[in-house]
Amino acid sequence: HTVGGWVRVTNNNLGTGRWQLGSVSADEVATTRFSPGAVWIYAGAGLNAAGTSPVLQTDAAKVGAGGVLGSWVSVSPMKPARSGYGLVAAANQIFAFGGRDAAPSTSSQSAQFCGGGAKCKGGASNPPNLAGWNNLGGGGTLKVARYLTCAAVESGRIFLVGGATTPGVTSSVESAVW
């Protein structure tokens, strides 16, 4: 299997440029609040071009027929901001793990998808909006402080793989049931 040639998506940039952001796709498997067949791409918070300030903005774009990406809309900003974190969608929520202030972190947070009975006030329509960014605390505290980690969801578990830690690069993996 091969990947086709990359095509630049013109006239459809994020509202604010940023790096060290997390991105995830979400569909009716990740949330029951989307209608069947609906798929959204989310681009989370990150750092400004100079790497000196956080960009709180979180955006979403709907994937249309044939993979055509709809216009980006601003949704509930990620607070507090993160950079270099892992991002996944599961159980009607978006989860962000590690990566705070461009450094390793054991913290995590989540926001709920709006729609289907979980209404958000103001902002973007429901969906794609998000509600209630909150710190997961206790059970959401990572075993290893991570930065620039990879995150994946499979078989009812969230996996965090590798990344940077305070002493350097790590090969460690941890997981939790979502």
Inset, instruction - Taking the options 102, 65, 111, 91, name whichever one is open to solvent by 20 Å² or more (accessible area, probe 1.4 Å), among the hydrophobic types (A, V, I, L, M, F, W, C) and free of Cβ contacts under 8 Å to residues at least 60 places away in the same chain. - result: 65
Inset, instruction - Kindly establish whether residue 156 is under 20 Å from residue 78 (Cα atoms), over 17 Å from the mean Cα position of the chain (by Cα) and either without any contact (Cβ under 8 Å) to a residue 60 or more places away in the chain or open to solvent by 50 Å² or more (accessible area, probe 1.4 Å) (or both). - result: no
Inset, instruction - Just give me the residues in segment 16-33 being under 16 Å from residue 65 (Cβ atoms) and either open to solvent by less than 10 Å² (accessible area, probe 1.4 Å) or touching a residue at least 40 places away in the same chain (Cβ under 8 Å) (or both), in sequence order. - result: 25
Legend entry - Tally of residues being exposed (fewer than 14 other Cβ atoms within 10 Å of the Cβ) and either among the hydroxyl-bearing types (Ser, Thr, Tyr) or in contact with a helix residue (DSSP H, G or I) (Cβ under 9 Å, 6 or more places away or on another chain) (or both) across segment 34-52: 2
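The values are calculated or read from the model by the stated rules, or taken from the named source; none is laboratory data. Being a predicted model, the structure only gives us computed values, none of them experimental. All Cβ positions, glycine included, derive from the backbone under ideal geometry; neighbour counts span all protein chains shown. Side chains are part of the model used for accessible areas, which takes the heavy atoms of the whole protein and leaves out ligands, DNA and RNA. Shrake-Rupley method; radii C 1.70, N 1.55, O 1.52, S 1.80 Å.
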